[in-house]
Amino acid sequence: MFEQIKLDYGFDALEPYIDTETMQTHYGKHHAAYTANLNKLADQAGKTDESIEDILAELVEIKDIELRTGLRNNGGGFYNHNLYFKEITPGGSNLPSGILAAKIDEAFGSFDSMKEKLTALSIGQFGSGWAWLSKTSDGSLFASKTDNQDNPISLKTGHTPIMCIDVWEHAYYLKYKNLRASYVEALWNVINWDIVAELYKA
Ligand code: MN3
């Protein structure tokens, strides 16, 4: 049984960067629906015992195209939002230090350049999707974007996501309307770099 990550903060705790109604809808409706659908589809596919990472990495094994697409979209939606809601925290955190800071500098030149790169990917994504900060097999960092609920795992890039930015309109439209860039700028204020560092070291 796949379960949504439990939030250790209230729906109103990310104000003013992410508004209460968006959190209620995003976590309580959208993420909840992806999770319920994933559980149904994983059962149909006989994959309730597998990790979500394994399901997403092995989608090609599923011969039924409709079932495969359903698991790609809903399994992705489940995984992506678990990371998203895990990596945000009221007030954000201290900026990266130690190994994560070093790897950011190595890949992007500086923390600010990394933010600029991910912001540009987020704004440049046409339609719904995500921007990603991932760890590659040699431990370096890589920035990318994906369509819909795809992610570096379902696309079999070999990279492990450690941070993501949801750029579906449901993530920002209630407060920011068409201003995706304003939402992305605000989101940086609530990123928990301690969690990102933990995911890097895992
Ligand atoms: Mn979303």
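In degrees between 0 and 90, to the nearest 10, how far off the longest principal axis of the chain does helix 111-124 point, with axes built from Cα atoms?
50 degrees
With the radius of gyration and the Kirkwood radius both derived from the Cα set of segment 2-120, what is their ratio Rg to Rh?
With Rg and the Kirkwood Rh in hand, the quotient comes to 1.06.
Count the lysine pairs in segment 98-201 whose Cα atoms sit under 17 Å apart, keeping only pairs 8 or more residues apart in sequence or on different chains.
So the count of such lysine pairs works out to 12.
Any chance you could give the angle, 0 to 90 degrees and rounded to 10, that helix 98-108 forms with the longest Cα principal axis of the chain?
Orientation of helix 98-108: about 90 degrees from the principal axis.
Counting Lys +1, Arg +1, Asp -1, Glu -1, what net charge surrounds N189 among other residues with beta carbon under 12 Å of its beta carbon? Provide the component values of the computation, followed by the final result.
Values: positive: K115; negative: E15, E185.
Value of the local net charge: -1.
Rule-of-thumb check for segment 20-87: C-alpha Rg over 2.2 N^0.38 Å?
Against the compact-globule rule of thumb, the ratio is 1.13.
Going Cα to Cα from K40, which aspartates and glutamates come in below 16 Å? Please leave out same-chain ones fewer than 8 positions away.
E3, D49, E50, D64, E66
What ranking, highest mean first, results for peptides 6-14, 163-171, 49-57 when packing means the other Cβ atoms within 10 Å averaged over each residue? Spell out each step's value before the answer.
Numbers: 6-14: 14.1, 163-171: 22.0, 49-57: 15.8.
Peptide ranking by packing, descending: 163-171, 49-57, 6-14.
Take peptides 63-74, 128-139 and line them up by average Cβ neighbours within 10 Å, highest first, as a rough protection proxy.
Those peptides, ordered most packed to least, come out 128-139, 63-74.
Which percent of Cα pairs goes in each bin when the distances of segment 1-56 are cut into 5 angstrom slices starting at zero?
4, 18, 23, 18, 13, 12, 9, 3, 0
Would you mind giving the three semi-axes, in whole Å and largest first, of the ellipsoid equivalent to segment 93-152 according to its Cα gyration tensor? Write out the running numbers ahead of the final one.
Details: eigenvalues 96, 35, 17 Å².
They are 22, 13, 9 Å, listed largest first.
Using the C-alpha atoms of segment 104-202, what convex hull volume per residue, in cubic angstrom, is computed?
Expressed per residue, the convex hull around the Cα atoms of segment 104-202 is 93 Å³.
Just the Kirkwood number for the chain, please: inverse of mean 1/r across all distinct Cα pairs, in Å, one decimal.
So the Kirkwood estimate lands at 17.2 Å.
Coordinate-derived values only; no laboratory data. Since the structure is predicted, the reported quantities are computational estimates derived from the model, not experimental observations. Cβ: placed from backbone, ideal geometry, glycine included. Neighbour counts: every protein chain shown.
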